[in-house]
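The values are calculated or read from the model by the stated rules, or taken from the named source; none is laboratory data. It should be emphasised that the depicted structure is a prediction, and the values quoted were computed from it without experimental measurement. With ideal geometry, Cβ positions are generated from the backbone for all residues, glycine too; neighbour counts draw on all protein chains shown.
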Amino acid sequence: MTSYVPTPADKFTFGLWTVGNVGRDPFGEATRPALRAPYLVQRLAGLGAYGVNLHDNDLVPAGASAAQRDAIVREFRQALADHGLVVPMATTNLFTDPAFKDGAFTSADARVRAYALHKTMHAMDLGAELGAGTYVLWGGREGTEVDAGGKLLDALGWFRDSLNYLAEYSEVQGYGYRFALEPKPNEPRADIFLPTVGSALGFIATLDRPDLFGVNPEFAHETMAGLSFPHAVAQAIDAGKLFHIDLNDQKMGRFDQDLRFGAENPKAAFFLVKLLEDTGYAGPKHFDAHALRTEDEAGVWAFARGCMRTYLILREKARQFAQDPEIQAAISAYRVEDPALTPLTTFSAANAQALKAHTFDRAALGARGPGLEALDQLTMELLLGVR
Ligand code: GCO
Ligand code: MN
Ligand code: MN
């Protein structure tokens with residue numbers, strides 16, 4: 001019997017802002033006290049996590065002096081070393097400061113755009129100092145409530161120029177970051193630019209160094225848009241662009257809920273885990289979620305343990321799925337190859353002629369039952385624990 005206890009080899013990570021979330025929401029104050037970063041490191045290591053990620057200001061408060069910054073970073077690095085945790089990913093807070101209220105890289109104010117670059121370069125320096133190899137860019141404020149300002153096309157251009165600039169900076173500094181764009185459809189802006197994984201993938205192709213950019217898809221964000229997270233992640237994998245991943249859960253069509261991984265859509269979570277495992281995704285599995293506002297500190301650690309435990313349970317279910325003879329037979333029956341026809345679907349002039357000349361039994365193609373009801377029921381029974 002598997003124990004479902006994570007180890008660093010499982011590469012589970014949390015943000016300082018996730019287990020450090022104090023339960024504040026637009027309607028109410030914090031419901032639990034803030035926990036210090038070195039303590040979060042110690043507790044996450046105790047639970048078997050691999051690493052911890054951060055925004056610049058999760059660690060170093062805005063306005064800290066250079067001496068204060070260095071002391072904070074020194075203490076944090078000591079905690080990482082003491083507890084064997086790494087910082088695989090770093091990012092910038094470009095959303096809290098009112099300066100960014102109408103966008104950071106896409107602000108209509110050139111001074112704000114320059115400040116966003118300035119802040120991000122400092123945060124990249126911090127991430128590099130902590131050993132981060134992935135740099136996430138979540139454009140929370142990059143969007144609009146009203147389009148009367150007429151900046152839609154300009155904003156995309158400013159965004160592109162900023163990403164090109166930051167990629168140059170990373171290369172010149174020798175940081176070697178891989179940048180991961182994190183799409184989200186809305187919240188905090190009414191409409192955020194590059195709202196889905198597909199939008200981000202399309203935009204990356206327009207950058208000067210597309211090889212340095214990939215995506216950081218988030219379960220909740222695609223779900224908010226009514227889209228399938230496994231489908232979005234599959235497209236990122238197909239494009240060679242799955243640089244990082246944010247796992248959590250979410251009811252469709254709601255505000256951003258950041259629920260514990262697997263809490264709401266366990267079936268989609270299963271197909272996601274299966275996809276990551278089947279394709280050998282080797283990056284960190286980052287839980288960008290937080291304990292419910294109802295919870296105290298014990299609830300925070302129950303939340304963190306639950307995220308990892310659910311992933312491991314679903315990984316075990318994926319193994320069972322691959323070894324289940326009835327399920328595998330149903331999949332084999334579902335997928336049909338035809339030794340005469342399949343070769344004709346590789347293009348050559350002769351194959352095209354032969355394919356055009358072929359007569360299909362349309363009625364038989366339409367009449368075939370693929371067995372998906374039975375296959376899906378087998379999957380459900382496996383997930384519900386009766387297989
Ligand atoms: C959100 C986002 C953020 C980002 C984080 C890292 O909905 O608030 O998911 O949590 O992931 O800012 O860039
Ligand atoms: Mn999110
Ligand atoms: Mn996220």
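When the residues of the stretch 257-285 are filtered to those that are among the basic types (Lys, Arg) and more than 15 Å from the chain's Cα centre (by Cα), which remaining residue is surrounded by the fewest Cβ atoms within 10 Å (Cβ to Cβ)? Give the steps one after another, and end with the answer.
Of the residues in the stretch 257-285, the ones among the basic types (Lys, Arg) are 260, 267, 274, 285.
Narrowing further to those that are more than 15 Å from the chain's Cα centre (by Cα): 267, 274.
On the way: Lys267: 14, Lys274: 19.
By that ranking, first place goes to Lys267.
Could you list, in sequence order, the residues of the stretch 128-146 that are more than 16 Å from ligand 1 (Cβ to nearest atom) and either free of Cβ contacts under 8 Å to residues at least 40 places away in the same chain or hydrophobic (A, V, I, L, M, F, W, C) (or both)?
Narrowing the stretch 128-146 to residues more than 16 Å from ligand 1 (Cβ to nearest atom): 128-129, 131, 144-146.
Matches in the stretch 128-146: Ala128, Val146.
Within the stretch 156-187, can you find the residues that are closer than 19 Å to Gly140 by Cβ and touching a strand residue (DSSP E or B) at 6+ places or on another chain (Cβ under 8 Å)?
Leu163, Leu166, Phe179, Ala180, Leu181, Glu182, Pro183, Lys184, Pro185, Asn186
Residue by residue, here is whether (1) outside the structural domain of Leu242 (by TED's automatic domain parsing); (2) out of contact with any Ser or Thr (no Cβ under 8 Å at 6 or more places or on another chain); (3) over 26 Å from Pro217 (Cβ atoms); (4) of a type in the set (Val, Ile, Thr) holds:
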{"residue": "Asp58", "(1), (2), (3), (4)": "no, yes, no, no"}
{"residue": "Gly63", "(1), (2), (3), (4)": "no, yes, yes, no"}
{"residue": "His83", "(1), (2), (3), (4)": "no, yes, yes, no"}
{"residue": "Met89", "(1), (2), (3), (4)": "no, no, no, no"}
{"residue": "Ala99", "(1), (2), (3), (4)": "no, yes, yes, no"}
{"residue": "Val112", "(1), (2), (3), (4)": "no, yes, yes, yes"}
{"residue": "Met124", "(1), (2), (3), (4)": "no, no, no, no"}
{"residue": "Tyr135", "(1), (2), (3), (4)": "no, no, no, no"}
{"residue": "Gly139", "(1), (2), (3), (4)": "no, no, no, no"}
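Out of Thr106, Thr92, report the one residue that is surrounded by 15 or more Cβ atoms within 10 Å (Cβ to Cβ), hydroxyl-bearing (Ser, Thr, Tyr) and under 23 Å from Gly133 (Cα atoms).
Details: Thr106 fails: under 23 Å from Gly133 (Cα atoms).
From the options Thr106, Thr92, the qualifying one is Thr92.
Quick one: count up the residues across the stretch 137-153 that are among the charged types (D, E, K, R) and under 20 Å from Arg209 (Cα atoms).
Residues that pass the stated criteria total 0.
Kindly establish whether Glu264 is more than 24 Å from Leu137 (Cβ to Cβ), in contact with a strand residue (DSSP E or B) (Cβ under 9 Å, 6 or more places away or on another chain) and within 16 Å of ligand 2 (Cβ to nearest atom).
On the way: more than 24 Å from Leu137 (Cβ to Cβ): yes; in contact with a strand residue (DSSP E or B) (Cβ under 9 Å, 6 or more places away or on another chain): yes; within 16 Å of ligand 2 (Cβ to nearest atom): yes.
It is true that Glu264 is more than 24 Å from Leu137 (Cβ to Cβ), in contact with a strand residue (DSSP E or B) (Cβ under 9 Å, 6 or more places away or on another chain) and within 16 Å of ligand 2 (Cβ to nearest atom).
Please pick out the residue among Ser199, Ser228 that is closer than 23 Å to Phe95 by Cβ, at pLDDT 95 or above, among the hydroxyl-bearing types (Ser, Thr, Tyr) and away from ligand 1 (no atom under 14 Å from the Cβ). Quick ask: steps written out before the conclusion?
Details: Ser228 fails: closer than 23 Å to Phe95 by Cβ.
It is Ser199.
Which of (1) closer than 24 Å to Gln250 by Cβ; (2) away from ligand 2 (no atom under 14 Å from the Cβ) is the odd one out, the single condition Thr223 does not satisfy?
(2)
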